[in-house]
Amino acid sequence: YPLFDLPNERSSHVKPVVRVGGIGIVLPLFFLLPIVMALAGNTPVVSEAEVRVALWVLLGLAGMSTVGLIDDLYQLRPLPKFTGQLLSTLPALVATGGLVQVELPLLGLFDWSTSIWGSGTGLVLAALWIAGFTNCFNFLDGIDGMAGGCGALFSLALGLLAWQAGLPGIAAGCLLLAAACAGFLLHNFSPARIFMGDVGSLSVGYLLAVFSL
């Protein structure tokens, strides 16, 4: 029964639960995310650059959600799954430019944008950040209300930070993601009637990681 999460000794549920509920999160995002991000941009007229960034983010989302859905249905081995996740980060690297600067407490500002080697380092770090955070968020699924609740809260907090930083397009994208997670949470709160599955948790984790970049 590939569509059901069967309980085992580590489970918090005692009955089989449908585990591809993330499809209900991903599909609306495909239609609304580029529109919302573009219309909420910094200028009254939506620029070509804003549309292009939104479409690159959407392409990466398509890749990540596809990897998750295949894993839900056929149980991918770790190496093919992680390879697919890394490939799905490539459009996000085009959209964000990678992790070229980061300021760490006590250590100060690290800037990799001053050389070709540094830019390559920033791209590798960004890809590892996206894939790593995506997998960490994936671990939250399978517990009633955990993935949906954390996804909604994380999105709202990140959206507030984006708004304060003068990035209304990212803030609007985070708000849309929070709404999608909150709608899913109504069906996922204890006792859960549905789980995100990898198709949902990988997609939400991917968007949170990309928006933070």
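Side notes on the structure shown:
- Sum of -39500 (n - 2.57) over DSSP H runs of 4+, divided by residues of the chain (222 nm, nearest 500): -23000 deg cm²/dmol
- Summed over the residues of the chain and divided among them, the accessible surface reaches 54 Å² per residue at a probe radius of 1.4 Å.
- Solvent-accessible area, 1.4 Å probe, carbon plus sulfur percent, for the chain: 73
- Overall Cα dimensions of the chain, principal axis frame, Å, largest first: 54, 38, 34
- Selection from Val204, Leu93, Leu128 lying farthest towards where the dipole of the chain points positive, charges on Cβ: Val204
- Other residues whose C-beta falls under 15 angstrom from the C-beta of Phe133 contribute a net charge of -2, scoring Lys and Arg +1 and Asp and Glu -1.
- Each residue of the range 61-77 is assigned a 3J(HN,Hα), and the resulting list reads 5, 4, x, 5, 5, 5, 4, x, 5, 4, 5, 4, 8, 10, 6, 4, 6 Hz, derived from the Karplus form 6.51 cos²θ - 1.76 cosθ + 1.60 (θ = phi - 60°), x at Gly and Pro.
- Charging the Cβ of each Asp and Glu at -1 and of each Lys and Arg at +1, and nothing else, the dipole of the range 59-213 about its Cα centre rounds to 120 debye.
- Residue among Ile170, Ile143, Ile25 with the largest mean-square fluctuation in a Gaussian network model of the chain, springs linking Cα atoms under 10 Å: Ile143
The values are calculated or read from the model by the stated rules, or taken from the named source; none is laboratory data. Treat the numbers as computed from the prediction; the structure is a model and nothing was measured. Ideal geometry is used to build each Cβ from the backbone, glycine not excepted, and the neighbour counts take in all protein chains shown. Side chains are part of the model used for accessible areas, which takes the heavy atoms of the whole protein and leaves out ligands, DNA and RNA. Shrake-Rupley method; radii C 1.70, N 1.55, O 1.52, S 1.80 Å.
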